[in-house]
1. Is there a residue being open to solvent by 40 Å² or more (accessible area, probe 1.4 Å) and over 17 Å from residue 272 (Cα atoms) anywhere in segment 14-26?
2. Looking at 86, 8, 94, which one is within 19 Å of residue 246 (Cα to Cα), within 16 Å of the ligand (Cβ to nearest atom) and open to solvent by 20 Å² or more (accessible area, probe 1.4 Å)?
3. Limited to segment 216-253, what total is found for residues that are under 24 Å from residue 149 (Cβ atoms), within 11 Å of the chain's Cα centre (by Cα) and aliphatic (A, V, I, L, M)?
4. Pick out the one residue from 69, 80 that is within 15 Å of the ligand (Cβ to nearest atom) and either over 12 Å from residue 253 (Cα atoms) or without any contact (Cβ under 8 Å) to a residue 12 or more places away in the chain (or both).
5. Just one of (1) under 23 Å from residue 107 (Cα atoms); (2) without any contact (Cβ under 8 Å) to a residue 60 or more places away in the chain trips up residue 257, so point out which.
6. Would you point out which residue out of 239, 317 is more than 13 Å from the ligand (Cβ to nearest atom) and either within 23 Å of residue 108 (Cα to Cα) or open to solvent by less than 10 Å² (accessible area, probe 1.4 Å) (or both)?
7. In segment 261-276, what count of residues is obtained for those that are more than 10 Å from the ligand (Cβ to nearest atom) and open to solvent by less than 20 Å² (accessible area, probe 1.4 Å)?
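The values are calculated or read from the model by the stated rules, or taken from the named source; none is laboratory data. Quick caveat, the model's predicted, so the values are computed rather than measured. Note: ideal-geometry Cβ built from the backbone for every residue, glycine included; neighbour counts use all protein chains shown. With ligands, DNA and RNA removed, areas are computed over all heavy atoms of the protein, side chains included. Shrake-Rupley method; radii C 1.70, N 1.55, O 1.52, S 1.80 Å.
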Amino acid sequence: MTTPTLVLIPGDGIGQEVVPEAARVLQAVMPALHLVEAEAGWGAFQRHGVSVPPATLDAIRQAGAALFGAVQSPARKVAGYRSAILTMRQALDLYANVRPVHSLPLPNARPHVNLLIVRENTEGLYVGEETSDGETVTAQRRITRRASARIGRVAAHLARQRLTIVHKANILPVSDGLFRDTVRAVVAETRPDLAVDELLVDVAAYHLARTPERFDTLVAPNLYGDILSDLAAVWCGGLGLAPSINLGDGVAVAEPVHGSAPDIAGKGIANPIAAILSGALLCRYVWRNESAASAIEQAVATALQRGAATPDLGGTLSTREMTDAVLAALGA
Ligand code: GGG
């Protein structure tokens, strides 16, 4: 068996602080894990003129697994710049963004939530094709049968008993209609045992805010999945705790859902839990090491139960101390 290798890409802002901490936890559960470092993000663009240097893409392709921290993109158009995470998703064809939301033992987390949002990751409005004549701007929103079918297959594979297809086919009957009908057809073929229902995205948002316990797995086009997964992250206790993984064929990039948090970057107080739990997703989906994934998730729950908390959770622990609490719970 080859040695599992992980490319660490801290990126911008607090990504620099949380990724090395997540790596400590991964090495505690997988001592043979080989780590390599690579660059991506706005900082990388300023140093190299590209947000994701070719060497970074090569390293990820070779290893098959990366842990990315966060990216901070300018809110204005900068010639030659394209968001690092969008570049990686497209260059590596990371077509499925999987975002689990589990209740964690925290006073502000809602109990009995255990849902998965499967987001199409390569098209929709994220194709980034905007044109302007100075008065009118048009943004392309692409939905294809191919991308809808493959995200449908991932969702069908991951769902336990029920899959909810999210769309807005009452307003976008052609594009979202294709998404819905294609996902339905794939699920009927590959998981006939699965109960399938569908919700308009606005109704899905309402139910996710009101009764998140009712959901098992949701599958959604790119932008809807992005927005709904941030909303749902409230239920696990906040964005500082929400993990995700971008999956392609033979390649994956895990990343905390949170961004670069420039307001707290450099202070050593960022919550590392989302990055640590993203590491658990690598164990589960890439290295097929369920015992390592469960050990990390259990250790996080235990550390939180024991009262470990960074300032975003009302505590005083630093990023490193929070990781130490998880390592202590692991018995490492
Ligand atoms: N770890 C996810 C992350 O960094 N999110 C921030 C994000 O996606 N920002 C958009 C961008 O700057 O490209």
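1. No: segment 14-26 contains no residue that is open to solvent by 40 Å² or more (accessible area, probe 1.4 Å) and over 17 Å from residue 272 (Cα atoms).
2. Values: 8 fails: open to solvent by 20 Å² or more (accessible area, probe 1.4 Å); 94 fails: open to solvent by 20 Å² or more (accessible area, probe 1.4 Å).
So the residue among 86, 8, 94 that is within 19 Å of residue 246 (Cα to Cα), within 16 Å of the ligand (Cβ to nearest atom) and open to solvent by 20 Å² or more (accessible area, probe 1.4 Å) is 86.
3. Within segment 216-253, residues that are under 24 Å from residue 149 (Cβ atoms), within 11 Å of the chain's Cα centre (by Cα) and aliphatic (A, V, I, L, M) number 4.
4. 80
5. Tallying (1) under 23 Å from residue 107 (Cα atoms); (2) without any contact (Cβ under 8 Å) to a residue 60 or more places away in the chain, residue 257 fails exactly one: (2).
6. 317
7. So the count comes out to 5.
For every residue, the table says whether it meets (1) closer than 24 Å to residue 56 by Cα; (2) among the aromatic types (Phe, Trp, Tyr); (3) touching a strand residue (DSSP E or B) at 6+ places or on another chain (Cβ under 6 Å).
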{"residue": "81", "(1), (2), (3)": "yes, yes, no"}
{"residue": "92", "(1), (2), (3)": "yes, no, no"}
{"residue": "95", "(1), (2), (3)": "yes, yes, no"}
{"residue": "98", "(1), (2), (3)": "yes, no, yes"}
{"residue": "102", "(1), (2), (3)": "no, no, yes"}
{"residue": "114", "(1), (2), (3)": "no, no, yes"}
{"residue": "127", "(1), (2), (3)": "yes, no, yes"}
{"residue": "132", "(1), (2), (3)": "no, no, no"}
{"residue": "140", "(1), (2), (3)": "no, no, no"}
